[in-house]
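K.L.:
Would you mind keeping the following structure in view while I ask a few things?
Nothing in this text is a laboratory measurement; each read-out follows from the coordinates by a stated rule. Given the structure is predicted, the values throughout are model-derived calculations rather than measurements. Here the Cβ positions follow ideal geometry from the backbone for every residue, glycine too, while neighbour counts run over all protein chains shown.
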Amino acid sequence: MGDIRYWVGFNLVRGIGPARLRALLDYFGDLETAWQAAPEALRHAGLDRRSLQSVLKARGKLDLDAELARIERAKIQVLTWEDEDYPRLLREIYSPPPLLYVRGHLLPEDDYAIAVVGTRGVSAYGRQVTQRLATDLVRNGLTVVSGLARGVDGEAHRAALAAGGRTIAVLGSGFNHLYPPEHRRLAAQIAEQGALLSEYGLDVRPEGGNFPARNRIISGLSLGTVVVEAGTRSGALITAAMAADQGREVFAVPGSILHKTSAGTNHLIQEGAKAVLTVEDVLEELNLTARQVSEQKEARQVMPISAAEERLLQQLSFDPRHVDEVSRQLGLPVAEISSLLVLMELKGLVRQVGDMEYVRLREDEPPYGDAEE
């Protein structure tokens, strides 16, 4: 992976996002070389004038060793694209964050996660629905993801914790500026029982422009997004739109046509979102049962997804591909490919759909067909 200092350094440079960081990696091979490169080389790598100035300014100002020491003192782990522990679902989205700051623990079982989001001005109805849904989700073995905000987000986190389940909070700021401030105690509880994460450096304040980017991580970590209550201009609708763009399921809780906080959710249902009355509506749409979730989690814990399986998964699509074709593509023996595919089917990653033909499972498909078969 190279020295983590330089991932942290580039993450603190304004104007260096996922696309430019990927271009630097492709050009220089590693970020240490890129960090130390001459200005002319950085220009050849594709940096425009403004980005180049930002990099040069950051190199002159940042003490990367001191920054790593601050991160360590804050009890934060840093994950990058190239880490095995980087969340699998998030890695699959367009423009995933190159670096994540994590307090707490991300686990393989968090592949089975549902986002629960909504308005900050939650009604008594919305609060009750959120508590019920989050509680039932974790009781079915799913992790609840949300954004630590006031209203629906906070209620979802609290209910998941109270039910003894896992929950992940995605921040729109750095860890030194937890927002909202009254959720500091809640954030500490989440770190104990799940994880807090952010793509932003420690000192980044909760500015308005951070939150749409934060929302793509919420949806990207999740198999589907449930919007409980949302007005027509709610940020929760941005999360729902991003979930749809990422190929994930969108759910919405219907509400009164007379209540403004239900206008957004009712509109989502009109546009094709699955209406949610109980947790079973979510589980059925995703073809998940508590038993299936448990079996797949157990298989992945006993046999974590290997680098070879990840490589093979990239060669499969949602259309059937024959083992012989995959073998030629990867340059591996058919027997080795077949052995890997058997394990991957057990883990819920692929399905055999014909004579030696396999498809990559969408995250919302059952590994072994309908549970009643």
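K.L.:
Under 8 Å for C-alpha pairs, at least 6 residues apart: give me the relative contact order for the chain, rounded to a whole percent.
P.N.:
Relative contact order comes out at 12 percent.
K.L.:
Need the C-alpha centroid separation for region 322-355 versus region 149-184, integer Å.
P.N.:
Centre-to-centre (Cα) distance: 41 Å.
K.L.:
Please work out the FRET efficiency for the pair R132 and D245, using the Cβ-Cβ distance as r and a Förster radius of 25 Å; give the result to the nearest 0.05.
P.N.:
It comes to 0.30.
K.L.:
Now for a separate question. Expected output is a single nm value to one decimal: the length gained when fully extending between Y94 and Q315, i.e. 0.36 nm times separation in residues minus the C-alpha distance. What is it?
P.N.:
77.8 nm
K.L.:
If neighbour count is taken as other Cβ atoms inside 10 Å, put Y358, Y27 in order from fewest to most.
P.N.:
Y27, Y358
K.L.:
Once the piece of chain linking E271 and E325 is laid out straight, how much longer is it, given 0.36 nm per residue of separation minus the C-alpha distance between them?
P.N.:
Here the segment from E271 to E325 would lengthen by 15.5 nm.
K.L.:
Sticking with this one: Can you work out the FRET efficiency for the pair R233 and A124, with r the C-beta to C-beta distance and R0 = 25 Å, to the nearest 0.05?
P.N.:
Working from the Cβ atoms, E equals 0.70.
K.L.:
Which whole-Hz ³J(HN,Hα) couplings does region 229-246 yield from phi under the Karplus relation 6.51 cos²θ - 1.76 cosθ + 1.60, θ = phi - 60°, glycine and proline marked x?
P.N.:
9, 6, x, 5, 10, 6, x, 4, 5, 5, 4, 5, 5, 5, 4, 4, 4, 7
K.L.:
Okay, next question. Give me the percent relative contact order of region 4-73, please, defined on Cα pairs under 8 angstrom at least 6 residues apart.
P.N.:
Relative contact order, region 4-73: 41 percent.
K.L.:
Across the chain, how large is the tail of the calculated P(r) beyond 40 Å, expressed as a percent of all Cα pairs?
P.N.:
18
K.L.:
Right, here's the next one. Compare P18, P333, P98 in a GNM of the chain, Cα atoms joined below 10 Å, and give the one with the largest fluctuation.
P.N.:
Of P18, P333, P98, the Gaussian network model singles out P333 as fluctuating most.
K.L.:
Using Cβ counts within 10 Å as a stand-in for footprinting exposure, how do H322, H44, H183, H177 rank, fewest first?
P.N.:
Starting with the residue having the fewest Cβ neighbours, the order is H44, H322, H177, H183.
K.L.:
Related question: Of the residues I76, I93, I16, which exhibits the maximal mean-square fluctuation in a Gaussian network model of the chain defined by a 10 Å Cα contact cut-off?
P.N.:
Highest fluctuation of the listed residues: I16.
K.L.:
Please give the net charge around V170, taking every other residue with its beta carbon less than 11 angstrom from that of V170, where Lys and Arg add +1 and Asp and Glu add -1.
P.N.:
Computed value for this residue: 0.
K.L.:
Could you calculate the contour length gain from R49 to R205, that is, 0.36 nm times the residue separation minus the distance between their Cα atoms, to one decimal place in nm?
P.N.:
Once the chain is fully extended between R49 and R205, it gains 53.6 nm.
K.L.:
Moving on to the next point. Of Q246, Q329, Q77, which is the most mobile in a GNM of the chain whose springs link Cα atoms less than 10 angstrom apart?
P.N.:
Q329
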